[in-house]
1. Could you check how much of the accessible area of region 8-84 is carbon and sulfur, as a whole percent, using a 1.4 Å probe?
2. Calculate the tail of P(r) for region 91-201: the fraction of all Cα-Cα distances greater than 21 Å, expressed in %.
3. What three numbers, in Å, describe the spread of the alpha carbons of region 8-84 along their principal axes, ordered from the longest?
4. Quick one: which of Lys6/Lys65; Lys6/Lys43; Lys34/Lys434; Lys34/Lys388; Lys6/Lys434; Lys34/Lys65 span more than 21 angstrom between C-alpha atoms?
5. Write down, largest first, the equivalent ellipsoid semi-axes of the chain in whole Å, where each equals the square root of 5 times an eigenvalue of the alpha-carbon gyration tensor.
6. When the C-alpha atoms of region 205-416 are aligned to their principal axes, what extent does each axis show, in angstrom, from largest down?
7. Would you mind putting 339-346, 128-135 in packing order, based on average other-beta-carbon counts within 10 Å, highest first?
8. Please list His223, His167 from largest to smallest accessible area, probe radius 1.4 Å, with all protein chains kept in place.
Amino acid sequence: MTNILKQQVQGSVLISGDEGYETQRKIWNAAVDKWPGIIVVCKEEADAVCAVRYAREHNLEISIKGGGHHVAGTAVTEGGIMIDLSELTEVVVDENSRIARVQGGATLADIDRETQRYGLATPTGTVSETGVAGLALNGGLGYLRAKYGLTCDNIQAVNLVTADGDHIRVSDTEHPDLFWAIRGGGGNFGVVTSFEFQLHEIGPEVLALDVMYDFEDVKTVFHNLNTYLEAASDEISVNATLIDLPPAPFIPEFLHHRRVIIVAGIYAGSPEEGEPIIQPLRELAQPLADMTAVMPYVELQKKLDAMVPQNANIAGTSLYLEELTEEALDQIVAQMNGAPAPAMVQLWETHGHMNRIPTNENAYYVRGGQYLLLVDVIYEDGQDQKAKEWIDEMRQSLLVYSYEQTSYLNLTENDESIIRESYGSNYARLVAIKQKYDPNNIFHVNHNIDPKSDCELVTE
Ligand SMILES: Cc1cc2nc3c(=O)[nH]c(=O)nc-3n(C[C@H](O)[C@H](O)[C@H](O)COP(=O)(O)OP(=O)(O)OC[C@H]3O[C@@H](n4cnc5c(N)ncnc54)[C@H](O)[C@@H]3O)c2cc1C
């Protein structure tokens with residue numbers, strides 16, 4: 001049955017038992033164990049066109065794999081066709097226009113490597129192995145968010161295969177409605193074979209904040225951090241991680257199994273100017289360790305890679321917080337103490353440029369709140385029910401402190417009501433655009449915007 005497809009595409013067409021099938025079907029979250037009927041590993045962007053048309057003709061469910069990093073495992077379909085872009089990784093930089101053309105399977109490392117040759121960067125995320133496609137289409141929060149916004153805010157154009165199997169360019173002058181929707185609307189509108197991202201001057205050396213505090217000082221650390229953030233400049237973005245350190249060889253023995261707060265971030269300006277400005281962040285309490293240093297931007301972007309669990313079962317959720325009050329912090333700590341397995345809680349402060357963009361500028365709605373709370377738990381086989389229950393309990397107990405009950409869909413389970421809340425007043429417009437471009441919802445293996453959703457379009 002796949003012979004026709006094999007003749008059409010330059011890449012590989014794999015079915016169960018073929019060499020490479022096992023590797024390609026695997027994604028970052030080991031808890032997701034699905035078996036696509038066919039995997040099309042694209043070698044050229046046009047392969048994605050053939051795959052979409054083939055799927056339509058044979059009525060096959062479609063999933064799209066960029067870097068395969070979504071915790072919810074939406075890159076994989078059970079029995080359908082997986083359009084795998086992970087080998088389309090070319091990045092071409094136009095130094096004059098400050099635009100990077102990036103193929104749909106590139107990782108953040110692929111982008112930083114090429115753009116930094118010119119002392120340029122586009123805002124992405126904080127782990128270099130992550131795929132840019134999923135990250136950019138659903139937001140994209142990294143160390144440059146306060147200065148230059150989210151990854152989706154820096155998309156200038158995309159090439160996309162529509163539900164009809166057409167390969168079109170989408171920008172603010174070509175299909176502007178779709179251009180609005182893909183900047184936050186995830187994989188709902190088609191297969192993005194390439195992006196054009198706006199670049200900005202960064203580095204090559206940056207001042208990277210990295211201070212470890214004892215968990216006993218959690219209240220003092222966040223009290224002082226909140227005070228600091230009241231007047232923080234756009235050059236600074238800070239992520240705080242609450243974690244029980246593993247007994248890993250790269251961690252000094254006295255810190256093994258110790259619960260700590262790691263305050264990491266960037267000063268995205270001249271390192272010399274930044275030193276005194278970030279000094280208070282190095283004194284939020286008495287530090288256990290301070291690895292703050294000037295380093296190449298590409299190194300900062302890879303710094304967390306070693307901490308990322310591999311081949312692990314993960315459950316995760318997220319919630320934007322209106323304000324990190326003492327009460328909210330107490331609740332987070334209490335929940336963390338009840339975790340059924342090793343858990344990591346992150347609090348990423350959000351201020352600056354990303355929050356000044358109007359909520360309806362593009363589909364990414366959340367432009368307020370003080371912190372993004374991210375929660376992950378790593379669990380053993382057979383513990384999934386317990387892990388999910390804990391995640392759900394954590395989320396429910398913190399909803400009262402949330403910013404309009406919104407979550408970051410790139411780091412959240414796949415849940416209809418969470419999706420709806422997180423798009424806020426942009427949801428109805430997304431539904432209308434989905435009805436126009438994908439009325440039969442062929443792109444539904446994602447955090448789905450159902451074209452049949454019942455909602456009223458509010459016209460501005
Ligand atoms: C270790 C780790 C670190 C992370 N760090 C950050 C971070 O610092 N900042 C941040 O913002 N997020 C972060 N994330 C979350 C990340 O943004 C999401 O996991 C995102 O989905 C990753 O994109 P991907 O292409 O790898 O995902 P995939 O799992 O391949 O895809 C997820 C979904 O995106 C859509 N999609 C993917 N590729 C395409 C395409 N080419 N065309 C159309 N739709 C597509 C599909 O709907 C797919 O189901 C992290 C995740 C992990 C696991």
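1. Answer for region 8-84: carbon and sulfur cover 45 percent of the accessible area.
2. 27 percent
3. Its Cα atoms span 33, 24, 22 Å along the three principal axes.
4. Those over the limit are Lys34/Lys434; Lys6/Lys434.
5. The three semi-axes for the chain are 35, 24, 23 Å.
6. Principal-axis extents of the Cα atoms in region 205-416, largest first: 51, 48, 32 Å.
7. By packing density, highest mean first, the sequence is 128-135, 339-346.
8. His223, His167
The values are calculated or read from the model by the stated rules, or taken from the named source; none is laboratory data. This is a predicted model, so every value here is computed, not measured. Please note: Cβ atoms are built from the backbone with ideal geometry, for glycine as well, and neighbour counts cover all protein chains shown. Ligands, DNA and RNA are excluded from the accessible area calculation, which covers all protein heavy atoms including side chains. Shrake-Rupley method; radii C 1.70, N 1.55, O 1.52, S 1.80 Å.
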